[in-house]
1. Check whether at least one residue in region 36-58 is of a type in the set (Val, Ile, Thr), surrounded by fewer than 13 Cβ atoms within 10 Å (Cβ to Cβ) and not in a helix (DSSP H, G or I), and report yes or no.
2. So which residues in region 84-96 are touching a Gly at 6+ places or on another chain (Cβ under 8 Å) and not in a loop (DSSP other than H, G, I, E, B)?
3. Tell me the residue from Val100, Val144 that is surrounded by 15 or more Cβ atoms within 10 Å (Cβ to Cβ), in contact (Cβ under 8 Å) with a residue 24 or more places away in the chain and not assigned by TED's automatic domain parsing to the domain that holds Asp247, please.
4. Conditions first: (1) surrounded by fewer than 21 Cβ atoms within 10 Å (Cβ to Cβ); (2) in contact with a Cys (Cβ under 9 Å, 6 or more places away or on another chain); (3) part of a loop (DSSP other than H, G, I, E, B). Phe108 passes all but one, so which condition is the exception?
5. Going through region 121-134 one residue at a time, which ones are touching a residue at least 60 places away in the same chain (Cβ under 8 Å), surrounded by fewer than 18 Cβ atoms within 10 Å (Cβ to Cβ) and part of a helix (DSSP H, G or I)?
6. Scan region 104-143 for residues that are within 22 Å of Phe205 (Cβ to Cβ) and among the polar types (S, T, N, Q) and jot them down.
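The values are calculated or read from the model by the stated rules, or taken from the named source; none is laboratory data. As the structure is a prediction and not an experimental result, all values here were calculated from the model. Using ideal geometry, Cβ is built from the backbone for each residue, glycine included, and neighbour counts are taken over all protein chains shown.
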Amino acid sequence: MRVVLPQLTLLEPAVSVKSHMILWFILTTLLVSYDNGAEALQARLGPKLAQYGIPSKLLFYAWVCGTERDYSYLSQIKQYKTFFSILSNTLTRVLFQAGVPVEALDDFFTSEDVDYIMSEYKKLKPRPGLGEMMQTLRGGGFEVWCCSDANVDRVKGYFDHAGVEMPLDHILSADMVKAGKPEPAVYKFAREKAGSDQPGEVSVFAASHAWDCAAAKAAGFVTAYTTTYEYDECEVIFGKADLVTPDLVSLGKGIVEKWGKK
């Protein structure tokens with residue numbers, strides 16, 4: 001019997017079962033934090049934003065969430081664009097929507113400001129407990145895979161920066177199929193690459209986006225959700241994940257206890 005975990009998924013049951021864990025994260029949410037990007041925005045544009053009563057952290061999250069929406073919608077209509085190509089070209093509209101007057105938009109930021117923010121955002125820091133969670137999962141017999149909307153090199157950099165081993169051939173990017181989550185093609189691709197559909201396989205998908213868990217469940221995964229990013233699992237909208245925990249450490253322990261070697 002085998003198990004697979006997405007957005008950092010992994011697992012293995014009784015006998016000599018080989019488990020897989022596919023860890024999916026939308027750029028960061030499950031394993032790393034957005035804070036670097038928000039801090040970079042504050043460093044470059046904080047005083048200007050303050051003139052209009054706009055918190056840089058709130059604006060950055062609105063910017064990222066709008067990018068996630070456009071990324072997904074463009075994928076659905078078969079006009080796929082990479083996440084960062086969208087993010088780097090949509091700051092003006094977010095500033096406008098946040099209340100910056102039209103007459104102030106033309107010189108509100110420079111291309112150098114955007115380049116700096118993008119550069120800092122790509123240096124995302126691991127969430128607390130990442131190393132311990134990965135050790136728990138691997139110690140529980142799981143083979144860890146990662147599938148992300150981000151490109152392979154950047155994902156590998158996140159793990160390297162955190163001091164956590166992640167083989168390059170176990171990192172999958174949505175760019176490989178020119179589709180973005182939550183499109184079924186991405187989850188299907190991950191299952192095929194990790195061997196999730198072999199007889200007796202149990203596939204576990206771990207995420208910090210409730211919609212990601214909902215999409216994974218529709219693709220045949222059992223799901224593990226941590227509230228570390230969204231806090232409210234919003235069950236009435238997204239349904240109930242098979243496992244819900246407050247942080248990465250308890251996520252790893254819960255997965256092993258629920259689906260690991262007995």
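1. no
2. Scanning region 84-96 gives Arg93, Val94.
3. On the way: Val144 fails: not assigned by TED's automatic domain parsing to the domain that holds Asp247.
When all the criteria are applied, what remains is Val100.
4. Condition (2) is where Phe108 drops out.
5. Within region 121-134, just Glu132 meets the criteria.
6. Within region 104-143, Gln135, Thr136 qualify.
Results for (1) under 15 Å from the mean Cα position of the chain (by Cα); (2) more than 17 Å from Ser72 (Cα to Cα); (3) outside any helix (DSSP H, G or I); (4) of a type in the set (D, E, K, R), shown as yes or no for each residue.
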residue	(1), (2), (3), (4)
Lys188	no, no, no, yes
Asp197	no, yes, yes, yes
Cys213	yes, no, no, no
Lys217	no, yes, no, yes
Glu230	yes, yes, yes, yes
